[in-house]
Amino acid sequence: RNLYTILDYVFIKNKIKFYKKKITKGDVQEIIKNLDKVFLKVDIEGNEYQILEDILEVQKNISALIIEFHDVDKNRDIIENFIKRFELKLTHIHPNNYGKLDKNNDPVIIELSFEKYPKILDGNVKLPNILDQRNNIEKKDIYLKFNES
């Protein structure tokens with residue numbers, strides 16, 4: 001066994017409830033209505049936009065969210081609106097290099113991480129972080145550029 005398998009096993013083993021199922025509109029509230037401190041991972045291949053309002057409705061129960069957004073070039077306003085309305089802090093953005101680049105050389109698939117109580121690091125932060133890994137190791141990494149607005 002490698003370290004990742006052991007850590008994955010320990011992490012999952014210590015969870016009270018673990019759900020992995022096909023999620024549709026309305027399911028998020030049903031799954032976590034009586035839970036708190038929920039770590040929610042959303043990777044539903046383009047259907048994430050259908051459950052964003054559901055996530056916002058139960059955000060008080062969520063301690064962390066990792067969500068993959070597809071077709072960013074077509075849904076940028078929806079994503080930005082979600083980020084503004086979501087109370088957790090956006091702590092990480094990772095471009096998924098399985099996707100293509102749009103006309104501005106921005107990734108069309110991104111992964112966002114949010115935390116309720118992020119730990120603020122002191123000093124200079126090196127990006128990309130050592131924990132950042134390419135989704136497709138056969139392809140070059142995508143580097144993000146940011147504009148101040």
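The values are calculated or read from the model by the stated rules, or taken from the named source; none is laboratory data. These numbers were taken from a predicted model, which means no experiment stands behind them. Counting neighbours? That spans all protein chains shown, and the Cβs are built from the backbone with ideal geometry, glycine included. Keep in mind that these areas ignore ligands, DNA and RNA; they rest on the heavy atoms of the full protein, side chains included. Shrake-Rupley method; radii C 1.70, N 1.55, O 1.52, S 1.80 Å.
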For segment 35-135, give me every one of the strands (runs of 3 or more DSSP E) that falls completely inside it and has 2 or more residues that are under 13 Å from the mean Cα position of the chain (by Cα) and within 23 Å of residue 145 (Cα to Cα). 62-69, 89-95, 110-115
With the condition kept exactly as written, say whether any residue in segment 88-103 is at pLDDT below 80, surrounded by fewer than 10 Cβ atoms within 10 Å (Cβ to Cβ) and not β-branched (Val, Ile, Thr). no
Among residues belonging to segment 97-149 that are out of contact with any Ser or Thr (no Cβ under 7 Å at 6 or more places or on another chain) and among the acidic types (Asp, Glu), point out the one that is nearest to residue 43 (Cα to Cα). 111
Candidates 28, 42 - the one that is among the β-branched types (Val, Ile, Thr) and either touching a Gly at 6+ places or on another chain (Cβ under 6 Å) or farther than 21 Å from residue 98 by Cβ (or both): 28
Matching option when the condition is among the aliphatic types (A, V, I, L, M), within 23 Å of residue 90 (Cβ to Cβ) and modelled with pLDDT of 80 or more, among 32, 55: 55
Just one of 57, 45 is more than 23 Å from residue 108 (Cα to Cα) and open to solvent by 40 Å² or more (accessible area, probe 1.4 Å); which is it? 57
Within segment 102-149, how many residues are hydrophobic (A, V, I, L, M, F, W, C) and without any contact (Cβ under 8 Å) to a residue 40 or more places away in the chain? 9
